[in-house]
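The structure appears below as structure tokens.
The values are calculated or read from the model by the stated rules, or taken from the named source; none is laboratory data. None of the values given here were measured: they were computed from a predicted structure. A quick note on method: Cβ atoms are made from the backbone with ideal geometry, for glycine too, and the neighbour counts reach across all protein chains shown. Each accessible area value is taken on the protein alone, full model and side chains, heavy atoms only, with ligands, DNA and RNA left out. Shrake-Rupley method; radii C 1.70, N 1.55, O 1.52, S 1.80 Å.
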Amino acid sequence: MFAYVLAFVACLGAAPDRCRTVELPWDGTLMTCMLFGQHAAAAWTNDHPGWALRRGYRCESGREA
């Protein structure tokens, strides 16, 4: 179980109806998630061509990814 989850909404292309919530397990502190979450979300979009980050990201605690 991971203490934190990095969560963000990603959309395929410009279509707002083709969006999904992505949750990545974060093995670190809440502070490192907030500091480096943008980098991790950008790396995910680089690994998933056609998908774009929408409305920022958030770090959540207390559940599994």
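Note on HIS39: accessible area is roughly 140 Å² with a 1.4 Å probe, heavy atoms of protein only. A prolate overall shape is assigned to the chain, the ratio a/c of its alpha-carbon gyration tensor axes (a ≥ b ≥ c) being 1.5 or greater and a/b exceeding b/c. Which Cα, out of CYS11, THR45, VAL22, lies furthest along the positive dipole direction of the chain (beta carbon charges, K/R +1, D/E -1)? Projecting each Cα onto the dipole axis, the largest value belongs to CYS11. Near TRP44: Cβ cut-off under 13 Å, other residues only, Lys/Arg at +1 and Asp/Glu at -1. The net charge is 0. At full extension, GLU23 and HIS48 could sit 7.6 nm farther apart than now, given 0.36 nm per residue minus the alpha carbon distance.
Tally Lys and Arg at +1 and Asp and Glu at -1 over the other residues with C-beta under 14 Å from the C-beta of VAL9: what net charge comes out? Summing Lys and Arg as +1 and Asp and Glu as -1 gives +2. Put a plus charge on the Cβ of each Lys and Arg, a minus charge on the Cβ of each Asp and Glu, and nothing anywhere else: the dipole of the chain about its Cα centre is then about 240 debye.
Average accessible surface for segment 15-65: 73 Å² per residue, computed with a 1.4 Å probe over protein heavy atoms with every protein chain in place. If R₀ is 25 angstrom, what is the calculated FRET efficiency for the pair PHE36 and ALA14, using the beta carbon separation as r and rounding to 0.05? Computed FRET efficiency for PHE36 and ALA14: 0.35. Give the range of the longest stretch in the chain that excludes all trypsin sites (Lys or Arg not before Pro) found in loop regions by DSSP and having at most 13 other beta-carbon atoms within 10 Å. Result, exposed sites excluded: 19-62.
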